[in-house]
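Encoded as C-alpha cells, the structure appears first; notes follow it.
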Amino acid sequence: MNVRIIPTTLIVLLLILQAQLWFGRGSVPNVSRMVSQLDAQKKKNEQAQLNNNRLVAEVRDLKEGLEMVEEKARMELGMVKPNEIYVQFTKK
C-alpha cells in the first residue's frame, strides 16, 4: 500500500505543476500575451520619442531664431512683409 502512495503523490504534484504552467498566473499563454503587449507598447514608446524629439527640435528653432517664425507665418498663414507682393503658382 505504501508503494503506491509515493508514485500517486508525485503524479498529483506533476499535474498541479502542469496546471500552473498552462492555466496559472505565470502560464505560457499569459506570458506570451504579455510579451506581445510589451512589444506593442515599445513601438508606441518609440513613436512617441520620435515625436518628442521633433517637437524639441522645433521648440529649439523657435527659441533661437526668428527665421523659423517667419517661415511658419509665410507658409501656414500666408503672411507677407510690407511692400511685398505674394504670387502663387500652381502645378498642373
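The values are calculated or read from the model by the stated rules, or taken from the named source; none is laboratory data. Quick caveat: nothing in here was measured; it's all calculated off a predicted structure. FYI the Cβ positions are ideal-geometry reconstructions off the backbone, even for glycines, and counts take in every protein chain you see.
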Report task. Please enumerate the residues belonging to the range 54-92 that are at pLDDT 80 or above, aliphatic (A, V, I, L, M) and within 31 Å of the chain's Cα centre (by Cα). Result -> Leu55, Val56, Ala57, Val59
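Each row is one residue, and each column tells you yes or no for (1) closer than 30 Å to Pro82 by Cα; (2) surrounded by 10 or more Cβ atoms within 10 Å (Cβ to Cβ); (3) of a type in the set (Val, Ile, Thr).
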site: Ile6; (1), (2), (3): no, no, yes
site: Ile16; (1), (2), (3): no, yes, yes
site: Asn52; (1), (2), (3): no, yes, no
site: Val56; (1), (2), (3): no, yes, yes
site: Asp61; (1), (2), (3): yes, yes, no
site: Glu64; (1), (2), (3): yes, no, no
